[in-house]
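Some notes on the structure that comes next.
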Amino acid sequence: MGTIHYLFNRLHILIRLIIVVLLLVFVFGCLIHLIEPGTFHTIGEGVWWAIQTMATVGYGDIVPTSTFGRAVAFFAILLGGGFVAYYFTSMASYMIRTQTSLTLGTEAYKGDGHIILIGYNERSKKIIHSLEAYPHIPIVLVDATLKEHPLPHSDLFFIRGDSTREEIWIQANVTKSRLVVITADPSKTEKDSDMTVITSLLAVKGVYQSAYCISEILTPSHVQNALRAGASAIIKTNDLVGMAFIDVITNQIEVP
């Protein structure tokens, strides 16, 4: 009995309420059938009456006529109505809390096969937009600077937190992820941004050693450090931009 009570208490509050309400519906349905078998010919009819009574719908298509039957109805309204009302109140409260948690980025991600994207900037916006062509791949955005979800009407899952902390990677369910993309922080100096990327790499590898991490590094001197920290692939943004400038300048010089 103690084990059943322990397992019951471990269930979510909404699940427990549903179990209690269904149990009450069945008990009152059986009871009214036993008391007034002439009015409630089957347990099914008794259960249907109990649902109407406890939900305070009261269609009146079938009602008890005896004193004992009305006494049962009284307790059904008193107990069942209270539990049903509490259930709907709890459900509404839970939905509001969940939506608030999703908006503020405090909810843990429970899916799998997702891409974890670190940092909300122009590059990550481009990545998010490009990955819209792959709707079957979920995206989890982790950012410490945003106050709330940047794209609340999208399928993007937002977590507000510092990627250098291991608990954030646990919240992002990194062990079930497809890959990790760590972008540079444009609000920091190149050196500080690279150090944050490397520290984030160490944090994620501390949680999930096999994580495939694509890291953006700005300075050549930190490329080796990022590789040592566990980077699977490195994007050298400044090298790419520099080459783009050289191509444009070279083309302009060669124009007669």
Problem set entry | Cα→Cβ-extended label distance, 7 Å offset, between Leu104 and Thr65, nm | 5.8
For this session: Give me the accessible area of Arg97, 1.4 Å probe, in Å² rounded to the nearest 10.
Result: 130
Exercise. Going through segment 26-74, which chymotrypsin sites (Phe, Trp or Tyr not before Pro) have at most 14 other Cβ atoms within 10 Å and a DSSP loop state?
Worked result: Tyr59
Seminar exercise, completed: Here the net charge surrounding Val204, from other residues whose Cβ is less than 11 Å away from its Cβ (Lys, Arg +1; Asp, Glu -1), is +1
Problem set entry | Solvent exposure ordering (accessible area, 1.4 Å, most first) of Asp155, Asp194, Asp247, Asp162 | Asp155, Asp247, Asp162, Asp194
Exercise. Roughly speaking, to the nearest percent, how much of segment 120-178's 1.4 Å accessible area is carbon and sulfur?
Worked result: 51
For this session: In debye, nearest 20, what is the charge dipole magnitude of the chain about its Cα centre with +1 on Lys and Arg Cβ and -1 on Asp and Glu Cβ, if you could check?
Result: 600
Seminar exercise, completed: From most to least accessible, 1.4 Å probe, no ligand or DNA/RNA atoms counted, His114, His129 line up as His129, His114
Exercise. Which helices, counted as full DSSP H runs in the chain, have an axial Cα extent of no less than 20 Å and a Kyte-Doolittle average of 0.5 or above?
Worked result: 13-35, 237-254
Exercise. With the contact rule set at Cα under 8 Å and sequence spacing of 6 or more, what percent relative contact order holds for the chain?
Worked result: 12
Seminar exercise, completed: With the 1.4 Å probe rolled over protein heavy atoms, segment 79-135 has an accessible area per residue in Å² of 61
For this session: Count the lysine pairs in the chain whose Cα atoms sit under 28 Å apart, keeping only pairs 8 or more residues apart in sequence or on different chains.
Result: 28
Exercise. Going toward the positive end of the dipole of the chain, with +1 on Lys and Arg Cβ and -1 on Asp and Glu Cβ, which of Leu34, Thr103, Asn251 do you reach last?
Worked result: Leu34
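The values are calculated or read from the model by the stated rules, or taken from the named source; none is laboratory data. Keep in mind that this is a model prediction, so the values were computed, not measured. Because the Cβ atoms are built from the backbone with ideal geometry, glycine has one as well, and the counts that use them run over all protein chains shown. Accessible surface areas use protein heavy atoms only, side chains included; no ligands, DNA or RNA. Shrake-Rupley method; radii C 1.70, N 1.55, O 1.52, S 1.80 Å.
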